Amino acid sequence: MITGSSGLIGSEAAEYFDRQGHTVTGIDNNMRRVFFGPSGDTAWNLRRLQRSTKRFTYADIDLRDRARIFDLFTQERFDVVVHCAGQPSHDKAGEIPLLDFEVNAVATVYLLEATRQHSPEAAFILMSTNKVYGDAPNEKPLEELPTRYDYAEPADVDGIDETCRIDRTLHSLFGASKVAADIYAQEYGRYFGLNVGVFRGGCLTGPQHSGVELHGFLSYLVKVALSGGTYTIFGYKGKQVRDNIHSYDAVRAFEEFARSPRPGEVYNLGGGRENSISLLEAIALVEQMTGRKIAQEYCGQPRRGDHICYISNLRKLKSHYPAWNLTRDLPSILEEMVAAEERQRHSAGVV
């Protein structure tokens with residue numbers, strides 16, 4: 001079962017496991033459109049999934065509806081539960097704190113308890129976020145380079161690992177609701193012995209991303225480049241750094257965990273140093289790929305709870321699952337996203 005099956009990671013997981021010959025149940029109610037308006041609509045991705053898969057069935061369920069979730073679990077026995085659905089934006093969470101908490105935290109507890117009662121042997125995978133660390137990564141000593149910030153201490157070169165604290169720091173309400181889900185998922189693994197894996201994602205990206213200004217860094221940047229819009233840089237001189245991982249590589253990590261699960265384990269999941277890029281560097285690379293100059297405006301106020309430099313340390317994940325590695329580098333990820341956006345604009349009759 002995959003929640004958020006019309007989203008970036010959920011749709012990648014649905015397609016991947018369908019190709020492996022598994023029967024896949026996807027849950028999605030297109031709440032991304034509720035959060036972000038028409039630009040966040042994922043209906044196009046659901047239609048694409050229904051065309052491209054053989055064993056995929058779709059259920060339009062609001063994850064806050066506990067009765068319907070438990071009904072589904074009584075009807076089906078799942079071997080793997082991949083929970084990707086969520087409200088993903090810092091800024092939006094501040095506008096809708098109750099809805100954000102219900103979607104990110106309460107719904108996660110419903111899914112965990114339904115799994116415990118009806119599919120206790122299943123591997124349960126939670127797509128968490130690096131925002132559970134709040135501002136703590138910003139306490140690392142940094143150096144300012146011409147186009148990016150970077151860690152000043154050699155010991156930090158591989159990035160932030162899972163020992164980074166998650167409390168006594170500003171998270172944004174989104175980060176706080178994800179902390180609640182993250183800790184609950186760990187507890188169901190440690191306390192009840194469920195096979196729960198928590199994956200704290202960096203920047204997850206790929207061609208199926210319905211990127212918007214409030215969420216989806218590279219996807220939104222590509223959309224702006226091809227539409228001729230204006231991209232707003234929020235603080236840090238555009239030198240803030242993110243590591244980016246293709247949705248395929250994220251799903252491969254899930255697969256490795258599901259094959260050999262551990263109860264209540266936590267992994268940082270991102271592109272690591274090799275797939276890290278600053279906003280300024282990303283703009284330059286997208287301009288080079290598209291042949292279009294991106295109009296920019298600068299807002300000196302950073303987003304609250306934003307990271308200045310975040311690179312995922314992948315040592316723990318690679319040590320537990322040595323068959324997993326990154327397969328997509330940053331240029332190939334962006335080339336795929338540019339091509340996908342061009343196809344979508346062409347099919348919509350937009351030049």
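The values are calculated or read from the model by the stated rules, or taken from the named source; none is laboratory data. Values in this document were obtained by computation on a predicted structure and should not be read as measured data. A quick note on method: Cβ atoms are made from the backbone with ideal geometry, for glycine too, and the neighbour counts reach across all protein chains shown. Accessible surface areas use protein heavy atoms only, side chains included; no ligands, DNA or RNA. Shrake-Rupley method; radii C 1.70, N 1.55, O 1.52, S 1.80 Å.
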Out of everything in region 44-60 that is touching a Lys or Arg at 6+ places or on another chain (Cβ under 9 Å) and under 11 Å from Ala14 (Cα atoms), what residue ends up being surrounded by the fewest Cβ atoms within 10 Å (Cβ to Cβ)? Lys54
Given the condition within 29 Å of Ala258 (Cβ to Cβ), part of a helix (DSSP H, G or I), open to solvent by 40 Å² or more (accessible area, probe 1.4 Å) and of a type in the set (Asp, Glu), answer yes or no: does some residue in region 94-108 qualify? yes
List pairs: first residue in region 167-195 and over 13 Å from Ser128 (Cβ atoms), second residue crowded, with 22+ Cβ neighbours inside 10 Å and aromatic (Phe, Trp, Tyr) anywhere in the structure, Cβ distance under 7 angstrom, at least six positions apart or on different chains. Leu194/Phe124; Leu194/Tyr188; Asn195/Phe124
Of all residues in region 270-324, count the ones that are in contact with a Ser or Thr (Cβ under 7 Å, 6 or more places away or on another chain), in a helix (DSSP H, G or I) and either open to solvent by 50 Å² or more (accessible area, probe 1.4 Å) or of a type in the set (Ser, Thr, Tyr) (or both). 1
Taking Glu162 as the residue in question, decide whether it is crowded, with 16+ Cβ neighbours inside 10 Å, touching a strand residue (DSSP E or B) at 6+ places or on another chain (Cβ under 9 Å) and not in a helix (DSSP H, G or I). yes
If Gly175 satisfies every condition in (1) outside any helix (DSSP H, G or I); (2) within 16 Å of the chain's Cα centre (by Cα) but one, which is the exception? (1)
What single numbered condition from (1) touching a helix residue (DSSP H, G or I) at 6+ places or on another chain (Cβ under 7 Å); (2) modelled with pLDDT under 95 fails to hold for Pro38? (1)
Test for Glu153: is it within 21 Å of Arg242 (Cβ to Cβ), touching a strand residue (DSSP E or B) at 6+ places or on another chain (Cβ under 9 Å) and of a type in the set (D, E, K, R): no
Of the residues that make up region 71-78, is at least one open to solvent by less than 30 Å² (accessible area, probe 1.4 Å), among the aromatic types (Phe, Trp, Tyr) and over 22 Å from Arg19 (Cβ atoms)? yes
Pairs under 7 Å by beta carbon, first residue farther than 18 Å from Ser247 by Cβ in region 16-30, partner open to solvent by 50 Å² or more (accessible area, probe 1.4 Å), six or more apart or different chains? Thr23/Arg55; Thr25/Thr57; Thr25/Glu76; Asn29/Asp60
Does region 24-34 hold any residues that are modelled with pLDDT of 95 or more and either assigned to a helix (DSSP H, G or I) or out of contact with any Ser or Thr (no Cβ under 8 Å at 6 or more places or on another chain) (or both), and which are they? Asn29
If you go through Val241, Val198, the only one that is within 15 Å of the chain's Cα centre (by Cα) and open to solvent by less than 10 Å² (accessible area, probe 1.4 Å) is Val198
